[in-house]
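The values are calculated or read from the model by the stated rules, or taken from the named source; none is laboratory data. These numbers come from a predicted model, not from an experiment. Positions of Cβ are backbone-derived with ideal geometry, glycine not excepted, and every protein chain shown enters the neighbour counts.
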Amino acid sequence: MSKEQKGRILYLSRLKALACIAVVVLHSFYAADAYAKTDAQHITMLCVRNACMWAVPCFVMATGALLLTPERKLGFKKLFGRLIVKMVLALVVFTFLFALFDAAFIAKNVTADIFTVTWRNIINGTGWKHMWYLYLMIALYLMMPMYKAAADKKDKGLMIYICTVLFVFMSMRPMLETVTGRQTAFYICVFSIYPLFVFLGHMLHSKMIALPIWVYILLAAAGLAATVILTYLSVDGRSKTLTGLLGSYSFPLTVVMSAGIFGAFSLCKGEKPIPVIDTIAAELEKCSFGIYLLHMAVLKYIFAVMRVNPFEQGGAAAVALIALISLIISYAATRLYTLIPLITKKNKG
């Protein structure tokens with residue numbers, strides 16, 4: 001079976017499920033590093049965190065694989081009526097909910113000022129750090145028609161669209177920032193690594209890049225090994241540049257590791273479904289967006305409100321358990337949301 005199981009592309013379902021788990025693990029170990037006291041603890045936390053840096057690039061590559069395929073039509077109605085509006089609504093709703101969380105559990109003082117804080121966080125991108133992904137997806141979706149037309153003829157409507165988006169983001173935005181003296185978190189993917197991941201996903205999915213699976217595995221393994229070694233060398237704090245590179249999605253090792261993992265999974269398109277694994281993968285894939293948004297609330301409650309020190313409870317094993325708890329709770333909350341009849345009916349329509 002080369003394609004979908006219950007409406008899903010098999011290898012993408014598995015990859016997105018694994019990437020979803022990796023994101024939760026990444027944030028769990030990175031948050032736990034604040035409690036690390038010894039070099040060994042720092043090394044362990046950051047090695048796991050950096051080894052999971054492939055997750056977000058693979059999510060972006062999956063977007064490219066799905067949306068840039070010639071068979072997939074992406075009209076402006078779907079683009080603005082479904083994809084972009086979903087991200088904007090999520091940005092508004094969850095920025096408010098996270099501001100409410102901070103007011104209730106951290107500041108312990110909920111006031112009407114929360115609406116002003118929410119608005120400021122949305123515009124300036126000063127809310128919870130993981131919300132950057134929503135700004136990224138809004139930017140990628142806005143550019144997607146141009147990406148899809150890269151190898152096609154450009155018509156008048158497309159040219160108008162390109163000019164409008166570039167004018168708003170490359171002309172109006174800088175002017176407004178200069179006039180107001182304030183910067184906005186909204187941006188367009190022009191000088192960014194993420195379009196590379198979009199096109200890589202498309203090329204690997206469509207076999208425009210066709211390498212033996214052992215090459216992809218070697219790339220992934222080499223990137224992972226080099227990442228761990230460099231993390232070990234940077235933990236002593238003497239190399240801030242290296243530390244910064246390891247935490248960047250544009251770092252060549254991260255690109256290589258991500259492409260290797262995605263490429264290896266892409267060659268599994270012809271495999272038959274594995275009942276238990278693919279059932280779990282389908283569930284995680286279905287709820288991956290909600291898990292991404294909600295798992296940080298669970299982690300923040302554990303680390304910032306309850307002040308759980310995992311190194312007093314078993315070290316790395318305790319952090320892994322916290323990651324699992326975060327994954328389960330965020331999955332359960334997301335799944336419960338999708339089971340609400342009104343919402344489920346609306347999503348299907």
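Only residues that are farther than 26 Å from Ala185 by Cβ and either surrounded by 15 or more Cβ atoms within 10 Å (Cβ to Cβ) or modelled with pLDDT of 75 or more (or both) were counted across segment 137-159, and they come to 4.
Cβ separations smaller than 7 Å between residues 6+ apart or across chains give the following pairs from segment 15-39 residues that are on the phi < 0 side of the Ramachandran plot to residues that are of a type in the set (Lys, Arg): Leu26/Arg49; Phe29/Arg49; Tyr30/Arg49.
Would you please name the residue that is surrounded by the most Cβ atoms within 10 Å (Cβ to Cβ), looking only at residues in segment 312-333 that are modelled with pLDDT under 95 and under 24 Å from Ile106 (Cα atoms)? Looking at residues that are modelled with pLDDT under 95 and under 24 Å from Ile106 (Cα atoms), I get Gln313. Within the set Leu204, Leu211, Leu224, the sole residue that is in a loop (DSSP other than H, G, I, E, B), farther than 21 Å from Met87 by Cβ and either among the hydrophobic types (A, V, I, L, M, F, W, C) or modelled with pLDDT of 90 or more (or both) turns out to be Leu211. The single residue among Ala55, Ala51, Ala103, Ala32 that is at pLDDT 95 or above, touching a Pro at 6+ places or on another chain (Cβ under 9 Å) and among the aliphatic types (A, V, I, L, M) turns out to be Ala32. So for segment 51-58 (the condition being exposed (fewer than 13 other Cβ atoms within 10 Å of the Cβ), part of a helix (DSSP H, G or I) and not small (Gly, Ala, Ser)), does at least one residue qualify? No: segment 51-58 contains no residue that is exposed (fewer than 13 other Cβ atoms within 10 Å of the Cβ), part of a helix (DSSP H, G or I) and not small (Gly, Ala, Ser). Exactly one residue out of Val165, Val179, Val110 is closer than 24 Å to Lys77 by Cα and either surrounded by 14 or more Cβ atoms within 10 Å (Cβ to Cβ) or modelled with pLDDT under 95 (or both), and it is Val165.
Residue-level check: of (1) closer than 28 Å to Lys300 by Cβ; (2) modelled with pLDDT under 95, Lys73 misses just (1). Looking at segment 162-172, can you tell me whether even one residue there is part of a helix (DSSP H, G or I), of a type outside the set (Val, Ile, Thr) and under 22 Å from Val298 (Cβ atoms)? No: segment 162-172 contains no residue that is part of a helix (DSSP H, G or I), of a type outside the set (Val, Ile, Thr) and under 22 Å from Val298 (Cβ atoms).
Which residues, counting only those in segment 107-150, are polar (S, T, N, Q) and closer than 21 Å to Met87 by Cβ?
If the condition is that a residue be polar (S, T, N, Q) and closer than 21 Å to Met87 by Cβ, then Thr118, Asn121, Asn124, Thr126 are the ones that fit.
Looking only at segment 182-216, residues that are of a type outside the set (A, V, I, L, M, F, W, C), buried (at least 16 other Cβ atoms within 10 Å of the Cβ) and within 13 Å of Leu68 (Cβ to Cβ) come to 4 in all.
From Ile9, Ile21, which residue is over 16 Å from the mean Cα position of the chain (by Cα) and surrounded by 16 or more Cβ atoms within 10 Å (Cβ to Cβ)?
Ile9
Filtering segment 287-331 to residues that are assigned to a helix (DSSP H, G or I) and touching a Ser or Thr at 6+ places or on another chain (Cβ under 7 Å) leaves Gly290, Ile291, Leu294, His295, Val298, Leu299, Ala316, Val319, Ile322, Ala323, Ser326.
The residues on offer are Phe289, Phe303, and the sole one that is modelled with pLDDT of 95 or more, within 17 Å of the chain's Cα centre (by Cα) and among the aromatic types (Phe, Trp, Tyr) is Phe289.
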